[in-house]
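Asks: One structure coming up, written as structure tokens, with questions to follow.
The values are calculated or read from the model by the stated rules, or taken from the named source; none is laboratory data. The structure presented is a predicted model; accordingly, all values stated were derived computationally and were not measured. Reconstructed Cβ throughout: ideal geometry from the backbone, glycine too, with neighbour counts over all protein chains shown.
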Amino acid sequence: MDIYPKLILEALATVRYPGSGKDIVSLGMVNDDIRIDGNKVSFSLIFSKATDPFLKSVVRAAEAAVETHVGNGVQIRGNIAVKVPESKPRTEENPLPGVKNIIGVSSGKGGVGKSTIATNLAVSLAQLGYRVGLLDADIFGPSVPKMLGVEDEQLFMHEKDGRNLIIPIEKYGVKLLSIGFVVDKEKAVLWRGAMASNALRQLITDADWGELDYFVIDMPPGTSDIHLTLVQTLAITGAIVVTTPQEVALADARKGVSMFLGEHVNVPVLGIVENMSWFTPSAHPDEKYYIFGKDGGRNLAQSLNVTLLGQIPLVASICKGGDDGVPVSLQNSVSGTAFVNLAENVVAAVDERNRTLPPTTKVEVNK
């Protein structure tokens, strides 16, 4: 059987771009540079961005389609070229016009429960009646999808106002996006800083977040260019720094607060959350054992003149809730109440922050 360009196009027309309902030929993603040399075929696919979350899966599907539908020992010559049109600078000043308040949840080091705090905070805010979005910006360790029980969900896109936008996954009243949805969860993400920043920026600006009262961002631990990307892309209302009472964690938390208040970032710190404040046995809820030290986060907040937003106990149900995809903040328990109190304190801190803004930029939040 002879191989000719129309046959290649017919094969590629069987490949659909995820979530759009349309094939890559009708979407104009197949370039007009199809080359055929005997049974060797080469062609180019056009993506709007080099960080398109579906790029690799579409390329693989295109290769498989040609090999399956054309047959006759066809070979794809080398790698499919990916051509990205020259991007135009964004003109809008606010990429999330429907979002009223943006809260970054950060930590000076890993292992202090930052993602647990961010996830339960978002769910608690939703339980209080607010419209909430949650972005898992921890590029190299995305754990929020598992904590919400949606790690096997697939992303889809739809057209809105002439743009193809990613539809966030919704669970427990929270809209969620994470890089974990578009990478192999069994493999490490080996991206350079620029690539990670571009992927993160796309999850923010090319998604249909809609109208939100609170947009919670689970930031990577430490200080990095990811943090700079976030503050350069979004007008963050304020940051929350998570720590444990342990001296090692407190030293790094102090650096985290310094980063946000520094001239290069300049983001207000809403307060500190002390996680794993004490251990409480489930059989004896009134008992407290200060495994990692006592009141380290409280003392740090006082020394830095910032608010202590909450102290979260070390309870087995918090860990189990994260593993099972059912956040403890949904439960009527001591831990659940602690997260509700945290959410209420965050709302109060945001309101106080908004009262200090000039009248033209003040943000009001209504349930």
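Asks: When V346 is evaluated against the numbered criteria (1) among the β-branched types (V, I, T); (2) modelled with pLDDT of 90 or more; (3) not in a helix (DSSP H, G or I), which criterion, by number, is the only one it fails?
Replies: The one condition V346 does not meet is (3).
Asks: Additional query: All but one of (1) surrounded by fewer than 23 Cβ atoms within 10 Å (Cβ to Cβ); (2) out of contact with any Asp or Glu (no Cβ under 8 Å at 6 or more places or on another chain) hold for Q202; state the number of the condition that does not hold.
Replies: (2)
Asks: Then there's this: Can you say whether P281 is part of a strand (DSSP E or B), more than 24 Å from the chain's Cα centre (by Cα) and assigned by TED's automatic domain parsing to the domain that holds V340, as far as the supplied structure shows?
Replies: no
Asks: Go through (1) at pLDDT 90 or above; (2) outside the structural domain of V112 (by TED's automatic domain parsing) one by one and return the number of the condition M276 breaks.
Replies: Answer for M276: the failing condition is (2).
Asks: Can you list residue pairs whose Cβ atoms sit under 8 Å apart, with the first residue in region 162-183 being at positive phi and the second being in a strand (DSSP E or B)? Count only pairs 6 or more apart in sequence or on different chains.
Replies: Pairs that qualify, where the first residue is at positive phi and the partner is in a strand (DSSP E or B), are G173/V132.
Asks: Under the condition of being loosely packed, with under 14 Cβ neighbours inside 10 Å and either in contact (Cβ under 8 Å) with a residue 40 or more places away in the chain or hydrophobic (A, V, I, L, M, F, W, C) (or both), which residue from region 262-290 is farthest from V231 (Cα to Cα)?
Replies: Top of the filtered list is A283.
Asks: Across region 231-261, which residue is surrounded by the most Cβ atoms within 10 Å (Cβ to Cβ) among those that are more than 20 Å from V346 (Cα to Cα) and within 17 Å of the chain's Cα centre (by Cα)?
Replies: If we take residues in region 231-261 being more than 20 Å from V346 (Cα to Cα) and within 17 Å of the chain's Cα centre (by Cα), then T233 is surrounded by the most Cβ atoms within 10 Å (Cβ to Cβ).
Asks: In addition: Q331: assigned by TED's automatic domain parsing to the domain that holds V150 and without any contact (Cβ under 8 Å) to a residue 24 or more places away in the chain, yes or no?
Replies: It is true that Q331 is assigned by TED's automatic domain parsing to the domain that holds V150 and without any contact (Cβ under 8 Å) to a residue 24 or more places away in the chain.
Asks: A further question follows. Looking only at residues that are at pLDDT below 80 and not in a loop (DSSP other than H, G, I, E, B) in region 5-46, which one is nearest to K160 (Cα to Cα)?
Replies: The residue in question is P5.
Asks: Taking the stated definitions as given, is Q302 touching a Gly at 6+ places or on another chain (Cβ under 9 Å), outside any loop (DSSP other than H, G, I, E, B) and over 17 Å from S106 (Cβ atoms)?
Replies: no
Asks: A further question on this structure: Picking from Q331, Q311, which residue would you name as being surrounded by fewer than 18 Cβ atoms within 10 Å (Cβ to Cβ) and within 30 Å of G173 (Cα to Cα)?
Replies: Answer to the check: Q331.
Asks: OK, next. Can you work out which of the residues in region 94-149 that are over 11 Å from Y214 (Cα atoms) and hydroxyl-bearing (S, T, Y) is surrounded by the most Cβ atoms within 10 Å (Cβ to Cβ)?
Replies: Residue satisfying both the conditions and the ranking: T119.
Asks: Follow-up question, since we're still on this one. Please indicate, with yes or no, whether at least one residue in region 246-258 is in the same structural domain as A196 (by TED's automatic domain parsing) and outside any helix (DSSP H, G or I).
Replies: yes
Asks: If you check K294 against the conditions, is it at pLDDT 90 or above and farther than 23 Å from Q127 by Cα?
Replies: Criteria met by K294.
Asks: Would it be correct to say that K49 is loosely packed, with under 14 Cβ neighbours inside 10 Å, modelled with pLDDT under 80 and under 36 Å from the mean Cα position of the chain (by Cα)?
Replies: Spelling it out, it is not the case that K49 is loosely packed, with under 14 Cβ neighbours inside 10 Å, modelled with pLDDT under 80 and under 36 Å from the mean Cα position of the chain (by Cα).
Asks: Next up: Could you list, in sequence order, the residues of region 327-342 that are part of a loop (DSSP other than H, G, I, E, B) and closer than 13 Å to P313 by Cα?
Replies: Within region 327-342, just S333 meets the criteria.
Residues checked against (1) touching a strand residue (DSSP E or B) at 6+ places or on another chain (Cβ under 6 Å); (2) among the acidic types (D, E); (3) modelled with pLDDT under 95:
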| site | (1), (2), (3) |
| --- | --- |
| A122 | yes, no, no |
| D136 | yes, yes, yes |
| I139 | no, no, yes |
| M147 | no, no, yes |
| D152 | no, yes, yes |
| E159 | no, yes, yes |
| E170 | no, yes, no |
| K175 | yes, no, no |
| A196 | no, no, yes |
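Asks: Looking only at region 201-245, how many residues end up being assigned to a helix (DSSP H, G or I) and either more than 19 Å from K100 (Cα to Cα) or among the β-branched types (V, I, T) (or both)?
Replies: The total comes to 10.
Asks: Counting only residues that are among the basic types (K, R) and within 17 Å of the chain's Cα centre (by Cα), how many does region 124-169 have?
Replies: 2
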